[in-house]
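Below you'll find the structure, written out as structure tokens, and then a few comments.
The values are calculated or read from the model by the stated rules, or taken from the named source; none is laboratory data. What you see is a predicted model; the values in this text were computed from it and never measured. So basically every Cβ, Gly included, is an ideal-geometry build from the backbone, and we count neighbours across all protein chains shown.
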């Protein structure tokens, strides 16, 4: 029998194997039971889906379960970005929301993202409570749902267009006039995902000249996973360069991740873009206080934050931890190396649409390309280079990993270890300012190896030393 477990961003499984209508109904009934126990049921929920195969059918099945438990549902009328759902949870003071989405996973996957009433990704205590409810349902406890026609007739399910209000709230965070005066030429690629009609429509309204690739629904995502990478955005890179655009923008399947292409067609990593955004927004918004980043994200953010008199807070990997800080008003912005960010006053969930718009504003305001802006920033705070590699663990490597975590070496990559950070994995901070992080995957026999240093050569030394450490040859 399949086990349903929530990962860092919900439950995901392969369509037709574990992701079935039965399991979707079970997960939704477990969520409904938790909401009823917390006395939130009457506040209602919002339910959406991404562009995957039969997404709207799974969303309807989810709505039928909540209706059967007396929980009102706003059912989105088309594919919906995850941050849009987060916004409406807060705007309508709902008990929570669901997006039927596997985010950037390959097309054969689907999933359920549950967002509780505070608007950010569900924290472990919430997902654990849901999982406890799932167990008896998997073993035969009755699952109930109300047919859609009756649910609508009883007023428990209402079709809903989430787009206008969400686009309107973005205008409070993005300077439209700056974009208009910049006369930008932008190429956008939603990768067949949910930002269609959101990001492009906003930028057109702001006066940008837009070309949009893959602006239609394709459940196969063109044969690629809907994750903006150097490989999946090749057409975008080539188009930006050929059309002499100022900028290329992309989002993942549910539009919570962003991707930036410079005017010469170069793909920019999130670790390059996030420090620029801190620098630009801290200057233009006159921020005070703190910013947040995950333990695996570039320390260039720390340097830029310090330049503006801001503190930096470090969190475990997973935007839910950054989202919690945003929701509590403890940080002005949060970002992670896997291309997630949001800002204070918006949603405590990563928003790829907002990120793309703020980068567009930055380019319009400065009149400079991203690499030119990076060059200027490095001149002010110094260079840092970062990377990540995933290593498949053998039994022997697993033993070595445990030894390193329990008893880290005093010397690593020919440098003394200044401190060991066990916030999430094992992060070795070296006296020369470089660092190396070993973070085991929670779902696969993998260890994620992250490193950062002031030169590319030093970075390569760190990554080689990390592999030797795992192999027990150092």
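Quick notes
- Against the list (1) more than 25 Å from residue 99 (Cα to Cα); (2) crowded, with 17+ Cβ neighbours inside 10 Å; (3) touching a residue at least 24 places away in the same chain (Cβ under 8 Å), the condition residue 207 fails is (2).
- Residue match in the stretch 333-351 (condition: assigned to a helix (DSSP H, G or I), at pLDDT 95 or above, over 14 Å from the mean Cα position of the chain (by Cα) and on the phi < 0 side of the Ramachandran plot): no
- Selection within the stretch 233-251: residues that are out of contact with any strand residue (DSSP E or B) (no Cβ under 8 Å at 6 or more places or on another chain) and in contact (Cβ under 8 Å) with a residue 24 or more places away in the chain. The member of this set that is surrounded by the most Cβ atoms within 10 Å (Cβ to Cβ) is 241.
- Set 161, 165, 201: member being in contact (Cβ under 8 Å) with a residue 12 or more places away in the chain, touching a helix residue (DSSP H, G or I) at 6+ places or on another chain (Cβ under 9 Å), surrounded by fewer than 16 Cβ atoms within 10 Å (Cβ to Cβ) and within 29 Å of residue 225 (Cα to Cα): 201
- Scanning the stretch 365-402 for residues that are on the phi < 0 side of the Ramachandran plot, assigned to a loop (DSSP other than H, G, I, E, B) and touching a residue at least 40 places away in the same chain (Cβ under 8 Å) turns up 369, 383, 384, 393.
- When we screen 41, 61 for residues that are assigned by TED's automatic domain parsing to the domain that holds residue 131 and modelled with pLDDT of 95 or more, the only hit is 61.
- The residue that is nearest to the chain's Cα centre (by Cα), counting only those in the stretch 274-326 that are part of a loop (DSSP other than H, G, I, E, B) and under 20 Å from residue 352 (Cβ atoms), is 318.
- Test for residue 462: is it part of a helix (DSSP H, G or I) and in contact (Cβ under 8 Å) with a residue 24 or more places away in the chain: yes
- All told, residue 224 meets the bar of being more than 18 Å from the chain's Cα centre (by Cα), surrounded by 15 or more Cβ atoms within 10 Å (Cβ to Cβ) and at pLDDT below 95.
- Filtering the stretch 421-459 to residues that are farther than 22 Å from residue 393 by Cα, in contact (Cβ under 8 Å) with a residue 60 or more places away in the chain and loosely packed, with under 15 Cβ neighbours inside 10 Å leaves 454, 455, 456.
- The residues in the stretch 42-58 that are under 27 Å from residue 192 (Cα atoms) and more than 21 Å from the chain's Cα centre (by Cα) can be counted, and the count is 6.
- All of 40, 75, 15 fail the test of being within 25 Å of residue 140 (Cβ to Cβ) and in contact (Cβ under 8 Å) with a residue 24 or more places away in the chain, apart from 15.
- Every listed requirement among (1) farther than 25 Å from residue 272 by Cα; (2) in contact (Cβ under 8 Å) with a residue 12 or more places away in the chain; (3) surrounded by fewer than 21 Cβ atoms within 10 Å (Cβ to Cβ) is met by residue 411 save one, (2).
- Subset tally (residues that are over 25 Å from the mean Cα position of the chain (by Cα), more than 21 Å from residue 107 (Cβ to Cβ) and not assigned by TED's automatic domain parsing to the domain that holds residue 126) for the stretch 1-38: 1
Each row is one residue, and each column tells you yes or no for (1) surrounded by fewer than 23 Cβ atoms within 10 Å (Cβ to Cβ); (2) more than 30 Å from residue 425 (Cβ to Cβ); (3) touching a strand residue (DSSP E or B) at 6+ places or on another chain (Cβ under 9 Å).
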| residue | (1), (2), (3) |
| --- | --- |
| 357 | no, yes, yes |
| 362 | no, yes, no |
| 371 | yes, yes, yes |
| 375 | yes, yes, no |
| 380 | yes, yes, no |
| 387 | yes, no, yes |
| 394 | yes, no, no |
| 397 | yes, no, yes |
